[in-house]
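Enquirer: Sharing a structure here in structure tokens format.
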Amino acid sequence: MKRIAVFIILLFCFLNSRQAVAINEFKYLENEVTGEFCRSLLNEFDFPGFPQNQTEPFKLMTELIVEDISRVDGKNLEFDALYTLWIYWKDPRVVQVLKKLDAYEDTDVPAWLCDYEADTVWGESRKLFDPVVEFYNRKSKPDFAQGRADWIEIFNNGIIQSRVRDTATFKSNFDFRKFPYDEQVFSFQIYPEFPANKMVFEAEPIMDEYKKNLFNAEGEDGLNIPEWKVTSVDYYVDEYTENEYDYQGFIVEITAERISNYYIFKIILPILLILTITWSVFWIHPSQIEAKVNITIVALLALIAYNLIMDKEIPKLDYLTFMDAFIFLSYVFTGAATILCVYSYHRYKKYRRTVNLVDYYSKFVGPALYLIGIFVCASIFL
């Protein structure tokens, strides 16, 4: 019985090994056939320009997935983003070639046939029409096809798909009026080289799914930006006219609000503490002028230091931000405390009663006016 059992096990292993070899041989032959077909298909392509007899514009189905925004540089109005961009369009000349090779199928659910490196299709010997779709607000423009596409894929219904996955630096027009409680738009502006009579944009339906998943921080598609919280994402087709030609662009805008905890605990609360210490000088006897002035001068120097820190966060602007107004208000009240201290010292001997009244009311009126000033600034800027 043991011999029979061993024989059965050996026979089973032998048959399985033969089956695995057969499967591997089939896959090898399938790859060889696919490779040969794709080489033949590429040799048939010779369509470098826009179709001469094309009456309808190419419809560019566009899908942009922003995977990561790793750096936000408010000082230079730019940010770094990792993205994947897919663009689909249908070229009737590719359809004719597929029909010639008996590989065309009129279907809404296409099957993949071949893929090629972008340089092979859009290189020196251009095989297919290149829509030349680029990011308008990308800081560094890519060289020719590099940066616009990694791969070109062909489907059995004549659809051509270009795909690029890249990290780039983008420019953006940030608005800092509410800084550090601001909300900024991270914009991705995609424009083609050709006017709207030759090329129009349309968003892929998957963009709606991307919008839904973007706010799921635990999901694979969740987008986390350091120091920012994503609040919305929008995409739309932009239309404009240039040199009497109508053009279309595809815009994706990710809106995020700044997480301001750092500025609250590191800037705003320390400044409030400095102002509290500054106005505590009115609890000191008017004759102690040196101690009182030293406190106010140190407070002014601290405010200057915080102002320099804020200058590194944002660019030079032609308008005031909330933080500018807050620090300027602190300057004013610290300076006022210094002036009142000097006044009290010089008037104390002759007008002791008046000086005592000034010091008494300054203990309470000054901080109250300062808080009212902060409230007014918040109502104006926020």
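The values are calculated or read from the model by the stated rules, or taken from the named source; none is laboratory data. Given the structure is predicted, the values throughout are model-derived calculations rather than measurements. Cβ sites come from the backbone with ideal geometry, for glycine too, and all protein chains shown count toward neighbours.
Enquirer: Scan region 319-342 and tell me whether some residue there is within 31 Å of the chain's Cα centre (by Cα), exposed (fewer than 14 other Cβ atoms within 10 Å of the Cβ) and either not polar (S, T, N, Q) or not assigned by TED's automatic domain parsing to the domain that holds Asn76 (or both).
Expert: Yes: region 319-342 contains one or more residues that are within 31 Å of the chain's Cα centre (by Cα), exposed (fewer than 14 other Cβ atoms within 10 Å of the Cβ) and either not polar (S, T, N, Q) or not assigned by TED's automatic domain parsing to the domain that holds Asn76 (or both).
Enquirer: Name the pairs: first residue in region 96-117 and touching a residue at least 12 places away in the same chain (Cβ under 8 Å), second residue exposed (fewer than 15 other Cβ atoms within 10 Å of the Cβ) and in a helix (DSSP H, G or I), Cβ to Cβ under 8 Å, at least 6 apart or on different chains?
Expert: Final answer for the pair search is Leu101/Phe37; Leu101/Ser40; Ala103/Phe37; Leu113/Phe37; Cys114/Thr34; Cys114/Phe37.
Enquirer: Can you name the residue in region 227-265 that is out of contact with any helix residue (DSSP H, G or I) (no Cβ under 9 Å at 6 or more places or on another chain) and part of a helix (DSSP H, G or I) and is also farthest from Ile314 (Cα to Cα) among such residues? Write out each step before concluding.
Expert: Here is the first cut: in region 227-265, the ones out of contact with any helix residue (DSSP H, G or I) (no Cβ under 9 Å at 6 or more places or on another chain) are 228-231, 236-251, 253-259, 261-262, 264-265.
Of the ones still in play, those that are also part of a helix (DSSP H, G or I) are 261-262, 264-265.
On the way: Asn261: 17, Tyr262: 15, Ile264: 17, Phe265: 19 Å.
Top of the filtered list is Phe265.
Enquirer: Here's another thing I want to ask about it. Tell me yes or no: at least one residue of region 287-300 is assigned by TED's automatic domain parsing to the domain that holds Ser344, loosely packed, with under 13 Cβ neighbours inside 10 Å, within 29 Å of Leu382 (Cα to Cα) and at pLDDT 85 or above.
Expert: Looking through region 287-300, none of the residues is assigned by TED's automatic domain parsing to the domain that holds Ser344, loosely packed, with under 13 Cβ neighbours inside 10 Å, within 29 Å of Leu382 (Cα to Cα) and at pLDDT 85 or above.
Enquirer: So, of the residues in region 154-201 that are aromatic (Phe, Trp, Tyr), assigned to a strand (DSSP E or B) and within 27 Å of Gln96 (Cβ to Cβ), which turns out to be modelled with the lowest pLDDT?
Expert: Phe201
Enquirer: Out of the residues in region 343-376 meeting the condition of being touching a residue at least 40 places away in the same chain (Cβ under 8 Å) and among the polar types (S, T, N, Q), tell me which one is surrounded by the fewest Cβ atoms within 10 Å (Cβ to Cβ).
Expert: So the residue we want is Asn356.
Enquirer: Return only the number of the condition from (1) buried (at least 18 other Cβ atoms within 10 Å of the Cβ); (2) closer than 19 Å to Val293 by Cβ that Phe381 does not satisfy.
Expert: So the condition that Phe381 fails would be (2).
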